[in-house]
Amino acid sequence: MVESIARVRHIRVTPQKARRVVALIKGKQAEEALAILKFAPQGASEPIYKLVASAIANARVKSDKDGEYLDEQDLYVKNAYVDEGTTLKRFQPRAQGRAFQIKKRTSHITVVLSTPEVAETAAASTSSATGNKSKKASK
């Protein structure tokens, strides 16, 4: 029943390219996600690999703190998303005294790992909450 979050901010990868890599690992088991990222040819796969490894370490520390047993094989990527970070604006000199703007984009990447028990209890609580609303509406 462990849920861990790892974030990296201002990483010098465009959000569009990072989202392609994050889509590869969503919903996968954590160890499988690491294997996929290790051999992915995209440049964004290295920082995301480190981020997933950090999330696994966070889960290990959190379970030790709570005194719970954690089997790392049970962890899966519950959610992973990429937000746009700050954009560094640079100028490239061009012919006849002109200048073209270059936008160096950054990303904020978040990975949430969870064990299946957390997902089941969350689903049960939302279904019971919606079940109560439907009963009240039918009366």
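We did not get these values from a lab; they are worked out from the coordinates using the rules stated. None of these values were measured; they are calculated from a predicted model. Using ideal geometry, Cβ is built from the backbone for each residue, glycine included, and neighbour counts are taken over all protein chains shown.
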Between residue 89 and residue 7, what is the spin-label point distance in nm, taking each point 7 Å from the Cα along the Cα→C-beta axis? 2.6 nm
Phi to ³J(HN,Hα) by Karplus 6.51 cos²θ - 1.76 cosθ + 1.60 over the range 73-87, Hz, x for Gly, Pro: 5, 7, 5, 9, 7, 6, 8, 8, 8, 10, 10, 7, x, 5, 10
Here the gain from full extension of residue 50 to residue 35, 0.36 nm per residue of separation minus their alpha-carbon distance, amounts to 4.2 nm
Linear extension gain, residue 73 paired with residue 112, 0.36 nm per residue minus alpha-carbon span: 12.5 nm
Dipole moment magnitude, nearest 20 debye, the range 3-123 about Cα centre, only Lys, Arg, Asp, Glu C-beta charged: 1560 debye
Eight or more residues apart or on different chains, and alpha-carbon atoms under 15 Å: count the Lys pairs in the range 3-123 matching that. 8
